Amino acid sequence: MDYNKLAELVFPDVSGTVNELEEQFPKRNLNEGAYVTRFAPSPTGYMHIGGLYAAMISSRLAHQTGGVFYLRIEDTDKKREIEGGTDEIIQSLAGYGVAFDEGPFSDGEKGYGPYKQSERREIYRICAKELMKAGHAYPCFCTADELNVIRRQQEELKADIGYYGTYAACREMSYEQIEEKIKAGVPFVVRLKAPETAAGHITYSDPIRGNIEMPENRMDLVLLKSDGIPTYHFAHVVDDHFMRTNLVVRGDEWMASYPLHKQMFDLCGFEQPEYLHISPIMKMDGSAKRKLSKRKDPEAAVGFYLEQGFPPESVMEYLLTIANSNYEEWHMENPDKPGSDFVLSLNKMPVSGALFDMVKLTDVSREIISEFTVEECERQILEWSEKYEPDLYQFACKNSAQFQETIGLWKMSGKKVRKDVSKWSELMVMFDYLYMPQEKFEKTAVYELDEKYTKEQLEEAVLAYKKDLFLNTDNWFEQMKTLGEPMGYCPNMKEYKKNPQSYKGSISDLCSIIRVAVTGHKNSPDLYTIMNVLGEETVQKRLDHFLARI
Ligand code: GLU
């Protein structure tokens, strides 16, 4: 067979050459050891937490070595694509601080683009034509029915399933047969012609798993579908070569395809990149471990964490603890250094799927929020609440100084840093008494009352306090003591402990009653500050409502 002639017959309109592509996308001029990595999602409008994990690892490995991290959009499946999907990916990653050096940006592409596969059709066709010229590819006209017949035969014979060897009916077609079909407009795909010698083993090696023996590829897999669109496999080889990726970070579901990919790189005459096949994020389901599933687990979606109001810093830090188990130790030894200073090690990645642990994420997040400044909390809460919690947003917008004061209340207790809040959606639950409008508070308030107080006692205390709330004073507690003493609340705790039976209660009981009446909660940050934030009118309404409810 004259393969040149065949290639011209199949690709009459393709005039470019691989050599021209090599010149157009030259090797990158980078320092030794610098990684060129990429994130290669499909724009389906859904971002899996595993995708963010892979993007974080890729971007860090590139940037910590002085390399390049780029975004490639794998939009060859038009049925699954949604409008605006690419912008959503870019924005969502930017929200997590993952930045690309190159990609399909709205202000124009630079570097090794186009970065959208749908715009790279010609490049794939040039490479497929060249493979055909070298006798490594051929057109296949088999219909779905014909492929089914082959499959059934193989099932009966208990042979390997697939298009290969003597089962590969179109492999041996003559030029004339092919010409006739093409002239008649019969649709065809372009297949790889796996070398007949491919019966041995190859060694796959990566920094996590070491060396693994795998059988060589024997299958004549599809390179270009009948509409000229490449399969994932062919696009991977062509794109990662011409975008000059030297480290492919991808999910370990692709590891089984490594022999095919190696073969394709070899047949194309391209240098193969290194690989890092990362293990997926798992979940316990009963007693079994399984992958986080888009269908079953809300926490599989990156959007879940945004909605819940986990700061992006928390999610990223948590993912870092999964990626490298020595991260936490490093963080403890270097408490003042930002997480971005940590150097990710390839060989410390987990070999098997790490379990996603919500409790751990919550702990990490409490720590992160406690380290934020009040201003940073304010900024993030404003951004989050505008979308997800209008009442909180209204409160935050009304008066910045006052809002900051409330943040200070739950962040600090005296000089001690509190670590109560792990995500912004908790604020409305934990501090409803601060952020909820009065009418809503009245509808939802539950009073955490100690049963030891009688109804009469509660009424007496609240009615007495209502006369003067002692707001705007610098000795609220002293005034409370003076108020409580004639009612039988001992102002001195030591004295009370000696003779509890001589009193109705202690000053702490009186304050506790007022605290529950105003906030509904038994525990809260400094009550006096809370009341000043709420203002006299609201506090009076709270007390009235409490009296009406008990
Ligand atoms: N588009 C592929 C996926 O989402 C990319 C795999 C890769 O990174 O090569 O699975």
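The values are calculated or read from the model by the stated rules, or taken from the named source; none is laboratory data. All values derive from a computational prediction rather than experimental measurement. FYI the Cβ positions are ideal-geometry reconstructions off the backbone, even for glycines, and counts take in every protein chain you see. Protein only, heavy atoms only, side chains kept; ligands, DNA and RNA dropped before computing areas. Shrake-Rupley method; radii C 1.70, N 1.55, O 1.52, S 1.80 Å.
Could you work out how far helix 374-388 tilts from the main Cα principal axis of the chain, as a 0 to 90 degree angle to the nearest 10?
Taking Cα atoms only, the helix is inclined about 70 degrees.
Nearest 0.05, what FRET efficiency do residue 529 and residue 359 give at R0 = 41 Å with Cβ-Cβ as r? Each step should come with its number before you reach the end.
Details: r = 31 Å, r/R0 = 0.76.
Step by step, r from the Cβ atoms, then E = 0.85.
Which percent of the accessible area of the chain is formed by carbon and sulfur heavy atoms (probe 1.4 angstrom)?
That fraction is 49 percent.
Treating the beta-carbon of each Lys and Arg as +1 and of each Asp and Glu as -1, no other charges, what is the dipole magnitude of the stretch 70-190 about its Cα centre, to the nearest 20 debye?
Rounded to the nearest 20 debye, it is 360 debye.
Just need the relative contact order of the stretch 25-141 here, percent rounded to a whole number, with Cα pairs under 8 Å and 6+ apart.
25 percent
Per-residue ellipticity at 222 nm for the chain, helices alone: DSSP H runs ≥ 4 residues times -39500 (n - 2.57), over residue total, nearest 500 deg cm²/dmol? Don't jump to the answer; show the numbers that get you there.
Working: 25 runs with 253 residues, N = 550.
-13500 deg cm²/dmol, from helical runs alone.
I need the Kirkwood Rh of the stretch 1-107: take the reciprocal of the average 1/r across all distinct C-alpha pairs and report it in angstrom.
One over the average 1/r among Cα pairs gives 16.3 Å for the stretch 1-107.
How high is the FRET efficiency from residue 442 to residue 181, r the C-beta distance, R0 45 Å, rounded to 0.05?
0.05
Report the full-extension gain for the segment residue 32 to residue 151: residue separation times 0.36 nm, less the Cα-Cα distance, to one decimal in nm.
Working it through step by step, the gained length comes to 38.0 nm.
Check the cysteines of the chain one by one and keep only those with no other cysteine Cβ under 4.7 Å from their own.
Here 127, 142, 268, 377, 397, 490, 511 come out as lacking a disulfide-compatible partner, given the Cβ-Cβ threshold of under 4.7 Å.
Counting DSSP beta bridges with both partners in the chain, what percentage is antiparallel, nearest 5?
55 percent
Within 10 Å, count the other beta carbons around each residue, average over each peptide in 90-103, 202-215, and list them highest first.
The densest-packed peptide leads the list: 90-103, 202-215.
Hey, what did the chain get for relative contact order, percent, Cα under 8 Å, at least 6 apart? Mind dumping the intermediate values first?
Values: 730 pairs, mean separation 60.5, N = 550.
Reported as a whole number, the value is 11 percent.
Just want the answer: with Cβ charges of +1 for Lys and Arg and -1 for Asp and Glu, which residue in 46, 105, 18 is farthest toward the dipole's positive end in the stretch 1-121?
46
Could you list which residues have their amide H under 5 Å from that of residue 223, counting only those 5 or more apart in sequence or on another chain, with H placed in the peptide plane?
Here 190, 191, 192 satisfy the definition.
Got a sec to turn the phi values of the stretch 392-406 into Karplus ³J(HN,Hα) couplings, 6.51 cos²θ - 1.76 cosθ + 1.60 with θ = phi - 60°, whole Hz, x for Gly and Pro?
So the J values, rounded to whole Hz, are 5, 4, 4, 4, 5, 7, 4, 8, 4, 4, 5, 4, 4, 5, 5.
Determine the per residue accessible area of the chain with all protein chains present and a 1.4 angstrom probe, expressed in square angstrom.
That works out to 49 Å² per residue.
Just grab the label-to-label distance for residue 479 and residue 144, each label 7 Å out from Cα along the Cβ direction, in nm (one decimal).
So the label points at residue 479 and residue 144 sit 8.1 nm apart.
Compute the length gained on full extension between residue 391 and residue 174: take 0.36 nm times their separation in residues and subtract their Cα-Cα distance, giving the result in nm to one decimal. Present the calculation step by step, with values, prior to reporting the outcome.
Details: separation 217, 0.36 × 217 = 78.12 nm, distance 7.41 nm.
Taking 0.36 nm per residue and subtracting the Cα distance, the gain is 70.7 nm.
Could you give the spread of the C-alpha atoms of the stretch 101-184 along their three principal axes, from largest to smallest, in whole angstroms?
Result for the stretch 101-184: principal-axis Cα extents of 56, 32, 24 Å.
Once the principal axes of the Cα atoms of the stretch 146-203 are found, what is the range along each, listed largest first in whole angstroms?
41, 28, 16
Amide H to amide H under 5 Å from residue 276: which residues, 5+ apart in sequence or cross-chain, H placed 1.01 Å off N in plane?
248, 249, 250
State, to one decimal in nm, how far the label point of residue 494 lies from the label point of residue 290, with both points 7 Å from Cα in the Cβ direction.
6.4 nm
For q values of 0.16 Å⁻¹, compute log₁₀ I(q)/I(0) with the Debye formula on a Cα-only model of the stretch 1-45, without solvent.
Debye intensities relative to I(0), on a log10 scale: -0.78.
What is the set of long-range amide H partners of residue 77 at a cut-off below 5 Å, with H atoms built 1.01 Å from backbone N?
HN-HN under 5 Å from residue 77: empty list.
In whole Å, what are the Cα extents of the chain along the three principal axes, biggest one first?
Cα spread of the chain along its principal axes, largest to smallest: 112, 50, 42 Å.
Which length gain, in nm to one decimal place, applies between residue 254 and residue 352 when the Cα-Cα distance is subtracted from 0.36 nm times their residue separation?
33.8 nm
Could you work out Rg/(2.2 N^0.38 Å) for the stretch 179-294, with Rg from alpha carbons only?
1.30
Given points 7 Å out from each Cα along the Cα-Cβ axis, report the residue 77 to residue 227 separation in nanometres with one decimal.
It works out to 1.3 nm between the two label points.
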